[in-house]
1. Those residues that are hydrophobic (A, V, I, L, M, F, W, C), over 37 Å from the mean Cα position of the chain (by Cα) and in a helix (DSSP H, G or I), I need them from region 23-58; list them, please.
2. So which residues in region 4-20 are under 35 Å from the mean Cα position of the chain (by Cα), assigned to a helix (DSSP H, G or I) and surrounded by 10 or more Cβ atoms within 10 Å (Cβ to Cβ)?
3. For region 128-140, name all the residues that are assigned to a helix (DSSP H, G or I) and buried (at least 16 other Cβ atoms within 10 Å of the Cβ).
4. Between 65, 53, which is at pLDDT below 80 and among the polar types (S, T, N, Q)?
5. Of all residues in region 89-119, count the ones that are more than 18 Å from residue 64 (Cβ to Cβ), of a type in the set (Val, Ile, Thr) and open to solvent by less than 40 Å² (accessible area, probe 1.4 Å).
6. Provide a single number: the residues in region 141-183 that are in a helix (DSSP H, G or I), free of Cβ contacts under 8 Å to residues at least 40 places away in the same chain, of a type in the set (D, E, K, R) and surrounded by 11 or more Cβ atoms within 10 Å (Cβ to Cβ).
7. Being at pLDDT below 75 and among the polar types (S, T, N, Q) is the filter here; which residues of region 74-120 pass it?
8. Return the pair list, or none, for Cβ contacts closer than 7 Å from residues in region 33-53 that are farther than 15 Å from residue 1 by Cβ to residues that are open to solvent by 70 Å² or more (accessible area, probe 1.4 Å) and at pLDDT below 80, at least 6 apart or on different chains.
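The values are calculated or read from the model by the stated rules, or taken from the named source; none is laboratory data. Note that the coordinates shown come from a computational prediction; the quantities given were computed from them, not determined experimentally. No Cβ is skipped: glycine too gets one built from the backbone with ideal geometry, and neighbour counts run over all protein chains shown. Areas reflect the complete protein model, heavy atoms only, side chains present, ligands, DNA and RNA absent. Shrake-Rupley method; radii C 1.70, N 1.55, O 1.52, S 1.80 Å.
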Amino acid sequence: IDKTLSGISSDAYRSGNKQAGLAVKQVVTALRNTPVKTDSGAKAIAMYDKARTLAAKRFAKIDETPALKFALDDTSPDKFVQNFILGHGSKANVKDVTNLVTLLKKDPETFQAARNQIMLYFKNKALNGNADEVGNFSPSAFNKALKSFGDKKLKLFFPKEFNQLKTIGRVASYDKFQPTGAA
């Protein structure tokens, strides 16, 4: 009843009907202030208040991490990674990715899935979208992908492997380099 009446009050305020919103809000306040006569009623109210607090914390966490909103809409993992980890701009900025990594690390399997998607992205860029068997590793495309991803985000997902990934890019560049006149 509380939830339904609170929703009606909010809807009234949003539609510009402040008097109706205030009237329904007063009914909600009266409902909340009604003394409970039984011990089980008091326990139910305490559990309800605890559930409301937990829900408020959950929704606050979702609001501060836009990627969670997107993930809760049952989006495909590759699209999620593309928009909120690999992408550029407001959706995949370092601050939001840092918040996301903090959450992902609580579930190692999900964190590893995100890492795998990132590595698949780097591999696809390095092979220009070709299959492993026929692809020709492009150091410039690999290094460009690393650079566009950014060192800060790369360190968030690959703290131990960061230097190794950078080294792969440098070594591949030297390996593919053909000195002038060598042809």
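1. 23, 27, 30, 31, 42
2. 4, 5, 6, 7, 8, 9, 10, 11, 12, 13
3. Across region 128-140, the qualifying residue is only 139.
4. After ruling out the rest, the residue left standing is 65.
5. Matching residues across region 89-119 total 1.
6. Looking only at that region, the number is 7.
7. Correct list: 75, 76, 90.
8. none
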